[in-house]
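What follows is a single structure, written as structure tokens, with notes after it.
The values are calculated or read from the model by the stated rules, or taken from the named source; none is laboratory data. All figures in this text were calculated on a predicted structure; none of them were measured in a lab. Here the Cβ positions follow ideal geometry from the backbone for every residue, glycine too, while neighbour counts run over all protein chains shown.
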Amino acid sequence: MPLSQTDLESIKSQIVTLAKSHGFQDAKVSDTDTGEYFKRFKQWVEQKQHGDMVFLENNQSLRQSPQLLHPDTLRVISLRYNYLPEKAGFAATLGNPQAANISRYALGRDYHKLLRKKLDKMCREFKDSLSQQATLDYRVFVDSAPVLETAFAEKSGLGWKGKHTLLINKDAGSWFFLGEIFINLPLPLDHPVESLCGSCTACISLCPTGAIIEEGKVDATRCISYLTIENKSEIPVELRQKMGNHIYGCDDCQLACPWNRYAQITDDSNFYARDLLKNKSLLDLWSTTEAEFLEGFSGNPIRRIGFQNWLRNLAVAIGNAEYSEKAVQALKAKKTQANAMVVEHIDWAIKQLESRRKQQLLPDKKRQKLIHCVQSMLPRDA
């Protein structure tokens, strides 16, 4: 017997309740139509603004049609999971050029496997409880397949896509991960919410490298997150000084966003900073050996970029910091552990430091504005 609308409403309510019991803050339902979202994504890729992320060129049909990725999919459930801890320390990191600036999401456990396990467990529980009422067929995703996750999240009303392309929720800001469940039940749909960005362009104007080239469009080849994570080759010389002390990812567009004054704090200790990364200077991390890197970053997303790209990122950041003879000597000493690409970045960093030996490091106006944003919007950052 087909499920009635009342049955489907009840099932949806049960799913949302179960999701929250597993630590997710919200769950909403959309249909599977990717329409204009896919067209814009395909155009972005065709314009080569995805850089060297070749995986975004592949499996386009799967990205366009969820049913090809998981047969019989009728709905997509999008879920939100907060990851911002108390005392995130953004202002201190931004204000100290010697400090290591790492994207907040990467300071603890790798969220991909952790959240996927949560979703799997949640769906198994629900499938067992539903067995007498309907047959549940599903597949879960956490940034792990050709899924237009922001599109489905926006369609479901989990938030709206900001001008920086990240999802924003009016009650929770943007410090959250997304997950999806492809499901075979025609659950009642939720609806998109209005974009509340208005005339604000803070994320665009305060992007260090000018990567947000227009509202809702990012040139990945200029984005610090891309340059320090997905990029496998040298960092363009013309962008290095603009990167400041960022060594893995970048949160600047989120820090600039006024909606993050409503950011919700996580109580999940998996996303608290691990000791290896807590309050570390650039030179502290530069002294790490490859063996220490591989062991210390086990279970952390940073490990996947590899030791050489880790050194590359650090070399650029040290070159952007204040001069010290200790820094110059540390850079030189590491050459024996570096490949040819990294040696070039080390040489660049040494030249940068030497050139300002007798000069003060000039304040970065964009950085000062970001610090003001953090201090005015995130009182828990202290």
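Could you list all residues from segment 233-261 that are at pLDDT 95 or above, among the basic types (Lys, Arg) and surrounded by fewer than 17 Cβ atoms within 10 Å (Cβ to Cβ)?
Residues satisfying the conditions do not exist here.
When the residues of segment 15-40 are narrowed to those that are touching a helix residue (DSSP H, G or I) at 6+ places or on another chain (Cβ under 7 Å) and in a helix (DSSP H, G or I), which ends up surrounded by the most Cβ atoms within 10 Å (Cβ to Cβ)?
Result: ALA19.
With at pLDDT 95 or above and out of contact with any strand residue (DSSP E or B) (no Cβ under 7 Å at 6 or more places or on another chain) as the only criterion, which of ALA333, ALA382, ALA317 stands out?
Only one candidate qualifies: ALA333.
Consider LYS326 carefully, then state whether it is farther than 30 Å from ARG261 by Cβ and without any contact (Cβ under 8 Å) to a residue 60 or more places away in the chain.
Considered against the rule, which asks whether it is farther than 30 Å from ARG261 by Cβ and without any contact (Cβ under 8 Å) to a residue 60 or more places away in the chain, LYS326 comes out as yes.
Please list, ordered by residue number, the helices (runs of 4 or more DSSP H) wholly in segment 280-382 having 3 or more residues that are within 21 Å of ILE229 (Cβ to Cβ) and of a type outside the set (D, E, K, R).
Passing ranges, in order: 282-286, 290-296, 307-319, 340-355.
Is it the case, given these coordinates, that VAL218 is β-branched (Val, Ile, Thr) and surrounded by 18 or more Cβ atoms within 10 Å (Cβ to Cβ)?
On the way: β-branched (Val, Ile, Thr): yes; surrounded by 18 or more Cβ atoms within 10 Å (Cβ to Cβ): yes.
So VAL218 passes the test.
With respect to LEU136, determine if the residue is in contact with a Cys (Cβ under 9 Å, 6 or more places away or on another chain), farther than 28 Å from GLY299 by Cβ and modelled with pLDDT under 95.
Here the answer is yes, as LEU136 does meet what is asked.
Each row is one residue, and each column tells you yes or no for (1) more than 16 Å from LYS155 (Cβ to Cβ); (2) among the β-branched types (Val, Ile, Thr).
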{"site": "LEU3", "(1), (2)": "yes, no"}
{"site": "ASP26", "(1), (2)": "no, no"}
{"site": "PHE38", "(1), (2)": "no, no"}
{"site": "ILE77", "(1), (2)": "no, yes"}
{"site": "PHE90", "(1), (2)": "yes, no"}
{"site": "THR93", "(1), (2)": "yes, yes"}
{"site": "ASN96", "(1), (2)": "yes, no"}
{"site": "ARG104", "(1), (2)": "yes, no"}
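Only one residue in ILE102, ILE11 is at pLDDT 95 or above, hydrophobic (A, V, I, L, M, F, W, C) and not assigned by TED's automatic domain parsing to the domain that holds GLU322. Which one? Even if it seems obvious, please write down each step before you answer.
Values: ILE11 fails: at pLDDT 95 or above.
Just a single option satisfies the conditions, and that option is ILE102.
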